[in-house]
Amino acid sequence: MTLKLHHLRPAPGAKTAKTRVGRGEGSKGKTAGRGTKGTKARYQVPVGFEGGQVPIHMRLPKLKGFKNPFRVEFQVVNLDRLEALFPEGGAVDVDGLVAKGAVRKNQPVKVLGNGEIGVAVQVTADKFSASAKTKIEAAGGSVSER
């Protein structure tokens, strides 16, 4: 006789029936694995119940501040970065900065005055800090907001 799939059976003792607790004294009855007395031994205690102490979800503050839906998050570019990316100077716009990997596309760009710039650049961006504007113009460049 050949062995077929329907002849296979689990090894004796490999499959045991699920223990049904709380079904009489003869088989895990009585406390049914809950130990003796105490809150956890009783029926239907809420998950967040802390024994009458004010629960954590009521101790914590309900709301904290607010989020301004009209906030504009600028991508910043500093002057030293501009000089490193455009050492020969010339026209600098947002598309050029995106192409060089300085900023992400479709987001407003602000030029900040950190560092020095020694080349004349004509920068077009969404915003400029006052220090960036003065340093660019001092180096012989110009700024224009788009």
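Tally up the carbon and sulfur contribution to the accessible surface of segment 16-133 as a whole percent, 1.4 Å probe, everything protein left in place. Display every interim value, and only then the final one.
Details: 4870 of 9100 Å².
Here carbon and sulfur together make up 53 percent of the probe-accessible area.
Taking only protein heavy atoms into account and a 1.4 Å probe, give the accessible area per residue of segment 18-146 in Å².
On the way: 9720 Å² over 129 residues.
Per-residue value: 75 Å².
Got a number for the accessible area of ASP126? Probe 1.4 Å, square angstrom, nearest 10.
Surface open to solvent at ASP126 totals about 40 Å².
If Lys and Arg each add +1 and Asp and Glu each add -1, what is the summed charge of the other residues whose beta carbon sits under 15 Å from the beta carbon of GLY89?
-3
Could you tell me which of rounded, prolate or oblate describes the chain, using a ≥ b ≥ c as the square roots of the eigenvalues of the alpha-carbon gyration tensor, with rounded for a/c under 1.5 and, failing that, prolate when a/b is larger than b/c and oblate otherwise? Intermediate values should be presented prior to the final figure.
Values: a/c = 6.31, a/b = 2.37, b/c = 2.66.
Cα axes put the chain in the oblate bin.
With θ set to phi - 60° and the Karplus curve 6.51 cos²θ - 1.76 cosθ + 1.60, what are the ³J(HN,Hα) couplings of segment 75-85 in order, to the nearest whole Hz, using x for Gly and Pro?
Running phi through 6.51 cos²θ - 1.76 cosθ + 1.60 with θ = phi - 60° gives 8, 9, 10, 8, 5, 5, 5, 4, 5, 5, 7 Hz.
Restricting everything to alpha-carbon atoms, can you work out Rg to Rh for segment 18-79 with a Kirkwood hydrodynamic radius?
Details: Rg = 25.6 Å, Rh = 17.4 Å.
Reported Rg/Rh, Kirkwood definition of Rh: 1.47.
Just add up the charged neighbours of GLY113: K/R +1, D/E -1, any other residue whose Cβ is under 13 Å from the Cβ of GLY113.
Values: positive: ARG81, LYS110, LYS127, LYS133, LYS135; negative: ASP80, GLU83, GLU116, GLU137.
Result for the neighbourhood of GLY113: +1.
For LYS37, which lysines qualify as cross-link partners when the Cα separation must be under 26 Å and same-chain residues fewer than eight apart are set aside?
Output for LYS37: LYS18, LYS28.
The values are calculated or read from the model by the stated rules, or taken from the named source; none is laboratory data. Since the model is a prediction, treat every value here as computed from it, not as a measurement. With ideal geometry, Cβ positions are generated from the backbone for all residues, glycine too; neighbour counts draw on all protein chains shown. Just so you know, the surface numbers come from the protein's heavy atoms only, side chains and all, with ligands and any DNA or RNA stripped out. Shrake-Rupley method; radii C 1.70, N 1.55, O 1.52, S 1.80 Å.
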